[in-house]
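Quick notes on the structure that follows.
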Amino acid sequence: MTVEIEVNGEVRRLSADPMTPLAEVLRTECFLTGTKIACAEGFCGACTVLLDGAPAMSCLLPAGLAAGRSVRTVESLADAAGGTLSPLQAAMEGHDAVQCGMCFPGILMNLTALFENGPAPDRDAIREALDGNVCRCTGYERIVEAALSLVADGRSAEAKA
Ligand code: FES
Ligand code: FES
């Protein structure tokens, strides 16, 4: 069967069983391997993408439920920034917030949604946005500090770009 989904701004006709998890379809049909599958049980948030602008755990979401809708993956961040790191990604790098990176696509997409919904989130809002993201190898403090640095720089509105 085919499933038509807008992925990172491009309408894709994908051959996939509508019940296949979206994360798997993104990785195997779209070759967008930035979206990670870690727990595959809706627990860790590594697979988070934006579905019509809202965070969704793509390991649990049947691809058929994304048909006709807009999906954004972590690859869209650098694409929107002209192939360089987006300000949000650069802030994470600048604060040494990334270690193995397994959790980071989900963290970046949750923060992108947060910044798109309000230009200047505070520390509590950032921590709350990351509530569903499990990172096994770094502290969360640098991640929060990196996100806050965008607010301090007045660059939060362009965090996604
Ligand atoms: S891989 Fe989807 S929540 Fe963990
Ligand atoms: S950086 Fe390794 S799991 Fe978060």
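Every number here is computed from the coordinates shown, using simple stated rules; none is lab data. These figures come from a predicted structure and were not determined experimentally. Glycine gets a Cβ as well: all are built from the backbone with ideal geometry, and neighbour counts include every protein chain shown.
Between T2 and L60, the modelled label-to-label distance comes to 3.1 nm, taking each label 7 Å out from Cα in the direction of the beta carbon.
Count neighbours as other Cβ atoms within 10 Å of each site's Cβ, and list the GluC sites (Glu not before Pro) in the range 20-49 that are DSSP loop with at most 16 such neighbours.
Values: sites: E24, E29, E41; in loops: E29, E41.
Hits after loop and neighbour filter: E41.
Cβ distances below 4.7 Å define possible disulfide partners, and in the chain the cysteines left without one are C30, C100, C137. Panel order for L111, L51, by other beta carbons found within 10 Å of each beta carbon, from fewest to most: L51, L111. Neighbour counts of other Cβ atoms within 10 Å put D96, D79 in the fewest-to-most order D96, D79.
Got a sec? How would M92, M1, M109, M102 order by Cβ neighbour count within 10 Å, fewest to most? Working shown, then result.
Numbers: M92 25, M1 11, M109 28, M102 17.
Least to most surrounded, the residues fall as M1, M102, M92, M109.
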